[in-house]
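Worksheet: the structure to be examined is printed underneath.
The values are calculated or read from the model by the stated rules, or taken from the named source; none is laboratory data. Just so it is clear, the model here is predicted, and its values are computed rather than measured. Cβ: placed from backbone, ideal geometry, glycine included. Neighbour counts: every protein chain shown.
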């Protein structure tokens, strides 16, 4: 088990963003965490890499109990856990090459030639060969995300966290990122948690899908199971409708026929 | 006034304290209505609560600043690893500030010379202008004005840079790469400000004294020799170093305030602007407060 959260609670601004979240992520799988904006997906991700301390509940990362982990423990774990940020969060005072090399230079006692080789390999993997000397400000949104991924994989992590990897990108660029995430998982066997509200992306890359709703996991299963789910909250998300589907028109207990009737003829 | 007690048949006459309370309540009600008409929300006790909150926040922030200072000083153990960053920051902060500091210093020296001559006239010979300029510049004007100017320039720059990094998640990104932001970002800026402000101040002192000479030479027609003699007459290395000790503390304040408010920025461009403003205001206040405290410690006259 790569990540295990049990009863995770987090309050932000007086609101329980996570209200007893239970979630497990297995070795080598790609878990897509779905949820509406502000549902606490990114907040959960920040717990997994120690940017937010655990308020209540327990959390295991890479098989280690990190519920009360010290900064020292986190800094050790973070060499094996990496995060791709929503806005890429590239250091704009540095070149692309230095962005990718920063952690390598900081941690690895390797000769500079070797570091440059690994930077080139990381950038090559995301399809950005020979961009080392560019400035982040001169890159397009999709390229920035790819540099963010290159920076995250430079230390060869075992667990990779993506925060909204396709948000703000056009469909074609989104597809490039999606393929990259899948290829990365296939070639390196890295475990991934992808936070998104992009259903297409979810179907494409997910081994398993989890839906976060009101601070808890509402659904967990394969993308196929998600499509077939009868849960009105899940259906609402899958179909992308803001209509309240939780009260079937037929009345009584929500059953297959009841929730079906709520959608009307497709 | 006192409508409630107008009709004596309605109630027996109330005791004076109660009447006063009723009158007060009536006034408050009217005030409330007046505020509401103007579109303000008036809540009784809101002002007191606001003062209380401000005081609490002040103490809370003071605690946080000391926390950051301690974390930064603890980072000194890993200094060799961040030496490159420290040198980069020292260069940008020191060399980059020189032009501005030089302009301020030259005019400070010049105006001090004019004022000194005005003060001396009728009491002492004007050849002591150089002495007065030297005294004023070394112990007070050089360190303080340099700190205020550099505080404005560097404090705002540090806060804006770190604030932007905060709101674009670059500081979080550093953390996820297992690079401690306090050591990588705060320590170099804090050290650079602490070490370079005295260096810049030495230049400012020199340029200010030369600025004073320009006035003495051009306006009061003193020879270089006269001015130099006057400077030498007043120059005490103790004054110079006391001034530089002040500068060291001022530099530390500027670095600390810039990084503190930068780290705390939130909410996009507006938050970054606010952080820069707060950093400059706080470092100015701190410089002036510390100046008073240190002046008492360093220059207290023995009675």
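Quick notes
- Looking at B:76, B:100, just one residue is over 23 Å from the mean Cα position of the chain (by Cα), away from chain A (no Cβ under 14 Å) and part of a helix (DSSP H, G or I), and that residue is B:76.
- Number of the condition not met by residue A:94 [criteria: (1) assigned to a helix (DSSP H, G or I); (2) out of contact with any strand residue (DSSP E or B) (no Cβ under 9 Å at 6 or more places or on another chain)]: (1)
- Some residue of the range B:147-169 being out of contact with any helix residue (DSSP H, G or I) (no Cβ under 8 Å at 6 or more places or on another chain) and at pLDDT below 95: yes
- Test result for residue B:152, buried (at least 22 other Cβ atoms within 10 Å of the Cβ) and either within 23 Å of residue B:277 (Cα to Cα) or more than 14 Å from chain A (Cβ to nearest Cβ) (or both): no
- Residues considered: A:72, A:118, A:109. Of these, the only one that is over 14 Å from residue A:150 (Cα atoms) and assigned to a helix (DSSP H, G or I) is A:72.
- Scope the range A:142-155; condition out of contact with any strand residue (DSSP E or B) (no Cβ under 6 Å at 6 or more places or on another chain) and touching a residue at least 40 places away in the same chain (Cβ under 8 Å); matching residues: A:144, A:145, A:147, A:150, A:151, A:153, A:154, A:155
- Some residue of the range B:182-205 being within 12 Å of chain A (Cβ to nearest Cβ) and part of a loop (DSSP other than H, G, I, E, B): no
- Hits in the range A:151-176 (condition: part of a helix (DSSP H, G or I), buried (at least 24 other Cβ atoms within 10 Å of the Cβ) and in contact with a helix residue (DSSP H, G or I) (Cβ under 7 Å, 6 or more places away or on another chain)): A:151
- The set of residues in the range A:20-68 that are more than 14 Å from chain B (Cβ to nearest Cβ), within 22 Å of residue B:181 (Cα to Cα), touching a residue at least 24 places away in the same chain (Cβ under 8 Å) and in a loop (DSSP other than H, G, I, E, B) contains only A:54.
- Of the criteria (1) more than 18 Å from residue A:28 (Cβ to Cβ); (2) surrounded by fewer than 20 Cβ atoms within 10 Å (Cβ to Cβ), which one residue A:207 fails: (1)
- Filtered residues of the range A:52-82 (kept if closer than 24 Å to residue A:188 by Cβ and out of contact with any strand residue (DSSP E or B) (no Cβ under 8 Å at 6 or more places or on another chain)): A:63, A:64, A:74, A:75, A:76, A:78, A:79
- Scanning the range A:8-19 for residues that are exposed (fewer than 15 other Cβ atoms within 10 Å of the Cβ) and assigned to a strand (DSSP E or B) yields A:11, A:12, A:15.
- Picking from residues in the range A:77-122 that are within 17 Å of the chain's Cα centre (by Cα), modelled with pLDDT of 90 or more and more than 8 Å from chain B (Cβ to nearest Cβ), the one that is surrounded by the fewest Cβ atoms within 10 Å (Cβ to Cβ) is A:80.
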